[in-house]
1. Show me the GluC sites (Glu not before Pro) within region 234-299 that DSSP assigns to loop and that have at most 13 other Cβ atoms within 10 Å of their Cβ.
2. Using alpha-carbon positions, what is the distance between the centroids of region 164-237 and region 123-158, in Å?
3. Restricting the count to DSSP beta bridges whose residues both fall in region 54-209, what percent are antiparallel, rounded to a multiple of 5?
4. How would region 144-186 be classified by its alpha-carbon gyration tensor: rounded, prolate or oblate, with rounded meaning a/c under 1.5 and the a/b versus b/c comparison settling the rest?
5. Please sort by residue number the GluC sites (Glu not before Pro) in region 1-101 whose DSSP state is loop and whose Cβ has at most 10 other Cβ atoms within 10 Å.
6. Of His272, His3, which has the most accessible area and how do the rest follow, probe 1.4 Å?
7. What does the highest-first list of 126-132, 138-144 look like by mean Cβ count within 10 Å?
8. Give me a comma-separated list of calculated 3J(HN,Hα) values for region 78-88, in order, Karplus coefficients 6.51, -1.76, 1.60 applied at θ = phi - 60°, integers in Hz, x for any Gly or Pro.
Amino acid sequence: MLHSPGDLRVEDVADPEGEVLVTVEAATACATDLKALRHGHLILGPYPARFGHETAGVRCDTGERVLVGDSVPCGGCHACAAGLTQLCTAMTWVLGGFAERIAAPAAALHLIPDGLEPAGAAMAEPLAAALHAVARANDELADAAILGGGTMGLMLARLLVLEGRDVTLCDRHPQRRAQAEALGARAVAQLGRHELVMEAVGRPASWRAAIEAARPGGTVVLVGGCPSGCDVTLPSGPLHYAELDVRGAFHHTPAEVDRALELLASGDVDWHGLAGDVVGLDDLHDALLRPTAGEARKLVVDPQL
Ligand SMILES: [Zn+2]
Ligand SMILES: [Zn+2]
């Protein structure tokens, strides 16, 4: 339970209330969880709050293996009516993967394909966001670059490679460049110019660098979210004279979560190369705060450990 920013406690509490109770087998962590631990997050419920939003487990009622989607769009708002369910303005967020059990609306649950391990299934959440970001980029742009070789950047690289694009990933860490090359991308420490640039860092300087790296007439997709309330100064020259398309990419749709599960189960996206240390709940706090260096890998929480 997160009692306030920085105050995470492992406690015995009653089962959460909700439509379906799920025994958690694996919950993977991402930068959003670290942000929530350090500073709180707008999608957290009132304190003490449960968190963890990339969750796979077993339904307590039917025994089915499920990925617990982290959100259920309302279906009735303007965005939902327009088919933009990722932008639902009345989203039900489903958090609490860092626990032995999580409660979720049935509509949040996705069946896990046979053979896909829980840690891999949990990664369907971020992979769905990567799929959504790639869907925001024009299909005809063959020359694609990604700025940032974290796990999101690596997922984007793999998806763009699967689409048959010519993919360059830029990161200053040699180990992450090696990971990108293993996924079929070219890897560089300094970004050149490209038709499509996807930003997967989430810092103002990096948003700017992505825009400066786009060829005239190109597209920039901003995947990494800057800290909330952050103002960004962007160069007007390329935006205006180079007719750049600059697009945000946020979250995913339920259909993209199912597609992500298929890609993970088929091995087209090899999650093993993105999985890091496996820890129990007692070690979660320290593991989240441990500085990361070298390869980009996701922390895997096994609450039954
Ligand atoms: Zn995440
Ligand atoms: Zn809605």
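1. Here the GluC sites (Glu not before Pro) that fit, given the DSSP loop and packing criteria, are Glu243.
2. The distance from the Cα centre of region 164-237 to that of region 123-158 comes to 11 Å.
3. Counting only bridges with both partners in region 54-209, antiparallel ones make up about 45 percent.
4. It comes out prolate by the Cα gyration axes.
5. Passing sites in region 1-101 are Glu11, Glu17.
6. His272, His3
7. 126-132, 138-144
8. 4, 5, 4, 4, 8, x, 9, 5, 5, 9, 3
The values are calculated or read from the model by the stated rules, or taken from the named source; none is laboratory data. Quantities reported herein were computed from a predicted structural model and do not represent experimental measurements. Note that each Cβ is placed from the backbone with ideal geometry, even for glycine, and that neighbours are counted across all protein chains shown. We work out accessible area using only protein heavy atoms, side chains counted, and drop any ligands, DNA or RNA first. Shrake-Rupley method; radii C 1.70, N 1.55, O 1.52, S 1.80 Å.
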